[in-house]
Every structure is written in structure tokens, then in C-alpha cells.
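To start, the structure itself, in C-alpha cells.
The values are calculated or read from the model by the stated rules, or taken from the named source; none is laboratory data. In this text, all values refer to a predicted model and were calculated from it rather than measured experimentally. Please note: Cβ atoms are built from the backbone with ideal geometry, for glycine as well, and neighbour counts cover all protein chains shown. Heads up: the accessible areas ignore ligands, DNA and RNA and are worked out on the full protein's heavy atoms, side chains in. Shrake-Rupley method; radii C 1.70, N 1.55, O 1.52, S 1.80 Å.
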Amino acid sequence: MASTSSSVGLLSNVPYSHPTASNVFGIGSEHPFANYWTCQGGLPETISVLPEKVQADILLERYFECVDPVYPMIHRQTFYADYEQFWSLSQPEKDRVDGALVAMIFSMLAMGTQFVTTTSPRERQQTAEFYVSAAHQSLRMSSYLNKASVRSIQAMVLITYFLINDNHASDGWAFAGILIRQAYAMGLHRDPNIVCPKASIFDKQLRRKL
């Protein structure tokens, strides 16, 4: 009896268990970023699936009508200047742009698609999920886990918001953890007058909004 009682609590007596994965919020059971991409395609592959500019313009208008009032972190005029510059490039030049910019465009298209009223709910969901997958792939092509930028953080905020809207709250919660670490790495939780005192007033205000 003494021997038995003295061994209670030892690791050798812990019963064998069958650990199971748990769904954090009970919402979303599949990986949120469908894989349409090849190993060799790179950023040009995601750029190739951008919609025609006329359609992209419409979706971006929906974004600024419906999403920007909730998350007013993107300076509209500056974004459109970059956006129009992107479309003016030749295809080889497009293929060499910052992947974070492409990710931001795709994430905004995905959010805009969620608020389109001219298509069926199922079609909206499929198109929006395709665009957010392209956004995530574009971030991967820009090595977003190793280097953060204002654009990549903006895209990640929108992807997180998209996942929650798309009934992937568990995935959104996990992705937000990466987002917060990246924001810390950029010093976005601190006064820009301390972190980047030589930055322009515009850049400081952009960081504050973000």
C-alpha cells in the first residue's frame, strides 16, 4: 500500500491518452485558403488571375463604400495612385512589383465581392474565397513571415476580417495572432514619434491608423 500511494502522481502512472484537436470557436472546418497554385508559378501566377480592370474598379468601389468606413486604415488617394500605376505597367513589370501590394489589392477585391448584390450568395462566396486565396499566396511570395510592411499588415487585417465574415472565425483568430506579432515587429503599438521620428507626418498618421 505504501509503495502504491507513494507512486501516485508519477508520470509513469499517467494513463495513455488520445489527444484530439479542438475547433476554437466551432466555426470553420476546412483550411481557409484553397490551393489553386503551382510551385513554379510565383507572383506572376496570382497576378494572372486578377479580374479585368473594369471589374476590379467596381469591387474596389464596393470596398470603399462598405468596408473602409469600418476599417479606415487605407489612404484612398495614395492607394489609387499605386493601383493605377500598377495597371499602367507592362506584364513583365507587373510581375516584379511588391507582392504585398498585390495581396492588398486581392484582399480588397475579396472584401468588395462580399458586398456585391448582383450575384448569388454562393457565387459571391466562391469568388471572394478565390481572391483571398490569391491574397494569401501573394503574401507568401513576398515572404511576409520574414519581413513586414505597412502594405502587408493592411492586407493581413483585411484577410482576418474576411475570414471572420466568411464563417472561418477559428482561422481568423489564429491568423490574427500572426498579424499582431508582425505589427509588434514593426513597432505599430508604439508612438511613431519614438519608433520612426524622421518619418513624414503622413507616414506617422498612417501607422497610427493601422
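Give the residue that is surrounded by the most Cβ atoms within 10 Å (Cβ to Cβ), with candidates limited to residues of segment 94-137 that are without any contact (Cβ under 8 Å) to a residue 40 or more places away in the chain, farther than 21 Å from GLN154 by Cβ and not polar (S, T, N, Q).
ARG124
What residue, of THR4, THR20, is part of a helix (DSSP H, G or I) and modelled with pLDDT under 75? Lay out the reasoning, then the answer.
Working: THR20 fails: part of a helix (DSSP H, G or I).
Step by step, each of THR4, THR20 is checked, and only THR4 is part of a helix (DSSP H, G or I) and modelled with pLDDT under 75.
If I filter segment 181-192 for residues that are touching an Asp or Glu at 6+ places or on another chain (Cβ under 7 Å) and open to solvent by 20 Å² or more (accessible area, probe 1.4 Å), do I get at least one hit?
To start, the set of residues in segment 181-192 that are touching an Asp or Glu at 6+ places or on another chain (Cβ under 7 Å) comprises none.
No: segment 181-192 contains no residue that is touching an Asp or Glu at 6+ places or on another chain (Cβ under 7 Å) and open to solvent by 20 Å² or more (accessible area, probe 1.4 Å).
Give the residues of segment 138-174 that are among the basic types (Lys, Arg) and either crowded, with 20+ Cβ neighbours inside 10 Å or at positive phi (or both), sorted by residue number. Quick ask: steps written out before the conclusion?
Step one: list which residues in segment 138-174 are among the basic types (Lys, Arg), which gives 140, 147, 151.
Once the filter is applied, which keeps residues that are among the basic types (Lys, Arg) and either crowded, with 20+ Cβ neighbours inside 10 Å or at positive phi (or both), segment 138-174 yields only ARG151.
Enumerate the pairs (first residue in segment 50-74 and of a type outside the set (Asp, Glu) and assigned to a helix (DSSP H, G or I); second residue anywhere and open to solvent by 50 Å² or more (accessible area, probe 1.4 Å) and at pLDDT below 95) with beta-carbon separation below 7 Å, excluding pairs fewer than 6 apart on the same chain, so at least 6 apart or on different chains.
Listed by first residue and then by second, the contacts come to ARG62/PHE115; CYS66/PHE115.
GLY177: more than 19 Å from VAL70 (Cβ to Cβ) and surrounded by 12 or more Cβ atoms within 10 Å (Cβ to Cβ), yes or no? Show your work before the answer.
Values: more than 19 Å from VAL70 (Cβ to Cβ): yes; surrounded by 12 or more Cβ atoms within 10 Å (Cβ to Cβ): no.
In short, no.
For segment 42-60, state whether one or more residues are exposed (fewer than 14 other Cβ atoms within 10 Å of the Cβ), more than 18 Å from ARG151 (Cα to Cα) and either basic (Lys, Arg) or under 16 Å from the mean Cα position of the chain (by Cα) (or both).
Yes, the conditions are met somewhere in segment 42-60.
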